[in-house]
Amino acid sequence: MTAAPVSAPDVRPGRVEVHGVHKSFGTLEVLHDVDLVVEPGSVTVVLGPSGSGKSTLLRSINHLEKVDRGFVALDGELVGYRRKAHRGTERLHELPERDLLRQRTRFGFVFQSFNLFPHLTALENVVEAPVSAQGRPRAEVQAEAQELLDRVGLADKAGAYPRQLSGGQQQRVAIARALAMRPAVLLFDEPTSALDPELVGEVLGVIEGLASTGTTMIVVTHEIGFARKAADRIVFMDAGRIVEQGTPEQVLDAPQHERTRAFLAKVL
Amino acid sequence: MTTLDERPAAATAAPPPTGTPYDQLRVVPARHPGRWVATAGVAVLLAMAVNSLVTNPRWEWDVVGAYLTEESIVRGVWTTVQLTLITAVLGFALGTVLALMRLSRSPLLQAVSWGYTWVFRSVPLILQLLLWYNLAYLYQSLEFGIPFGPAFASVETLSLIDKFGAAVLGLGLHQAAYSAEIVRAGILSVDQGQLEAAASLGIPRRRQSTRIVLPQAMRSIVPTAVNEIIGLFKGTSIVYVLALGELFYTVSVIYGRTQRVLPMLLVAAVWYVVLTTVITVIQYYVERYYARGAVRTLPPTPLQRLRANLTAGLSRVRTAREVAR
């Protein structure tokens, strides 16, 4: 059941299922019985106040965070575990790190704080994972990485180190880095929260451009305008639970829940 | 209405009486009399020190010159260099293993690493050296084989651990305890987000260490590590207690015979200074290499700096001459 390191990337549907996920940090429960289905090729925006569990949910999806109960699946395949027959029944085995890392290459993750590798140039940042994690030929990846940098508007910055770039440019390199893995699913964890207001637009523009390419995307953000424009579905979270979800019109214009209304009244 | 030429009078003492615009006035640099006095004082002290070094015949510079490249001295220098290189490699290799053990999640590995550092940092180096030298008294022969099982090979301890072997073991194992902490601090200094990014990209574990973590850790490891290596280099002089012919033991043998104590100490000092300088220069370039990406522009090399200083100095002289005119 191990995924081949190089399987045809373009046919990957990228359907994400989250079932009954619980997660606590010490005595603080950050996720409580979260259920979520994200259809392949759709854009889901997760909204909610700080501390509502949005980031933890996102990090649980690619197993950066191990959940206490429940499970996450990508195209029907469990993330972080494997079924194995055991005396007539089945058991779940935690994946060894090597297999987990391989599974993670199907997700692209974009961090709030970029987390670019500061000692590598923009191009080297993008090239690193496809070569070392997916075993693809360096020359091919380098050409593709240059194209990706071009696509996020940074063709001329390939040789620059992250600290020589603005925040918005760094985040766009980080997006190119995530795309280089040809992931089935892109996860964005507040991608514009660390940026100056005037740089937010350039990053959101890139993400919106990706939304139309049919990659499954889950975006945690506070940008309501972006949510309205780009989202197929909006999920509103509060205190570790999904309070309500629906189309942007349903959630933003006619929220059913008092909490959603209160939150939107504050941010809009 | 003020124009650019007529800034508010509060900025300086008084507006020019003639009404000449500020940008046409001559700028007189501020004077620093204190700095000049201090510089002159230090220059005099320096001249006195150099003068006494040159004129006092008891330094016996001719003897220093004669012995500096004497064959036994050069052999001693070579032994010192060898000892330093081998024990630095051994110390940092073992230190890295100890650091990784300390950072592992196994309580036993953690405890053993902690215990090692505790013991080897607590016992004085000179004592450790003598213990290793006398290992043959504790264990006449060393056997290699299956633990608690049969042995495949056996060697006499004395033939394996001679003076040089005892010195390498003593210095290397002692150094490892310190290196472990330096490497551990370096690894801890790398932002957790770097590991998360590497993990989320699926980069294999080994590659995460060698490509992402260690190159960034090196930035904080290198300065302290070189400090340690210089300390180790000079610390090799302590193995004279084993009567091993390194630099310091060699000069002490010579002055024991010739009674020319000070010039011989000077010979050793000159060699230590020269080699430490070499290490310092290497450090500069290693640090510069690992600074890639950490600073927006790399610091200039000493040569580049010298050139820049000369150009700046020349242009300053030129300006001063123009001002004077």
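Points to keep in mind about this one:
- Counted as qualifying within segment A:167-268 are the helices (runs of 4 or more DSSP H) with 3 or more residues that are more than 30 Å from A:Ala129 (Cα to Cα) and more than 14 Å from every other protein chain (Cβ to nearest Cβ), namely A:224-230, A:258-267.
- A:Pro255 being more than 18 Å from the chain's Cα centre (by Cα), farther than 22 Å from A:Ile61 by Cβ and not basic (Lys, Arg): yes
- Test: residue in segment A:67-90 that is part of a helix (DSSP H, G or I) and not β-branched (Val, Ile, Thr): no
- Residue in segment A:67-77 that is buried (at least 22 other Cβ atoms within 10 Å of the Cβ), out of contact with any helix residue (DSSP H, G or I) (no Cβ under 7 Å at 6 or more places or on another chain) and among the basic types (Lys, Arg) present: no
- One residue stands out in segment B:26-48 among those that are surrounded by 10 or more Cβ atoms within 10 Å (Cβ to Cβ) and closer than 21 Å to B:Thr319 by Cα: the one that is modelled with the lowest pLDDT, namely B:His32.
- Total residues in segment A:144-166 satisfying the condition of being free of Cβ contacts under 8 Å to residues at least 24 places away in the same chain and within 13 Å of another protein chain (Cβ to nearest Cβ): the figure is 1.
- Taking segment B:142-194 as the range and being among the small types (Gly, Ala, Ser) and closer than 16 Å to B:Met218 by Cα as the test, the residues that pass are B:Ser179, B:Ala180, B:Ala185, B:Gly186, B:Ser189.
- When segment B:183-212 is limited to residues that are charged (D, E, K, R) and under 15 Å from B:Ser104 (Cα atoms), the one that is surrounded by the fewest Cβ atoms within 10 Å (Cβ to Cβ) turns out to be B:Arg206.
- Residue tally, condition more than 21 Å from B:Gln175 (Cβ to Cβ) and either in a helix (DSSP H, G or I) or touching a Pro at 6+ places or on another chain (Cβ under 7 Å) (or both), over segment B:111-161: 7
- Qualifying residues in segment A:55-82 (those that are touching a residue at least 60 places away in the same chain (Cβ under 8 Å) and either over 21 Å from the mean Cα position of the chain (by Cα) or more than 14 Å from chain B (Cβ to nearest Cβ) (or both)) - the one nearest to B:Glu196 (Cα to Cα): A:Leu57
- Of the residues in segment A:117-137, at least one is under 22 Å from A:Asn62 (Cα atoms) and surrounded by fewer than 18 Cβ atoms within 10 Å (Cβ to Cβ).
- Residue match in segment B:181-196 (condition: within 22 Å of the chain's Cα centre (by Cα), farther than 30 Å from A:Arg182 by Cα and hydroxyl-bearing (Ser, Thr, Tyr)): yes
- Of all residues in segment B:187-211, exactly one satisfies the criterion of being hydrophobic (A, V, I, L, M, F, W, C), more than 13 Å from A:Leu100 (Cβ to Cβ) and within 7 Å of another protein chain (Cβ to nearest Cβ), namely B:Ala197.
- Of all residues in segment B:275-325 being within 14 Å of chain A (Cβ to nearest Cβ) and of a type in the set (D, E, K, R), the one that is nearest to B:Thr224 (Cα to Cα): B:Glu287
- Only one entry in A:Ala174, A:Ala184, A:Ala194 is touching a residue at least 40 places away in the same chain (Cβ under 8 Å) and surrounded by fewer than 20 Cβ atoms within 10 Å (Cβ to Cβ), namely A:Ala194.
The values are calculated or read from the model by the stated rules, or taken from the named source; none is laboratory data. Everything numeric here is computed off the predicted structure, so don't read it as measured data. Because the Cβ atoms are built from the backbone with ideal geometry, glycine has one as well, and the counts that use them run over all protein chains shown.
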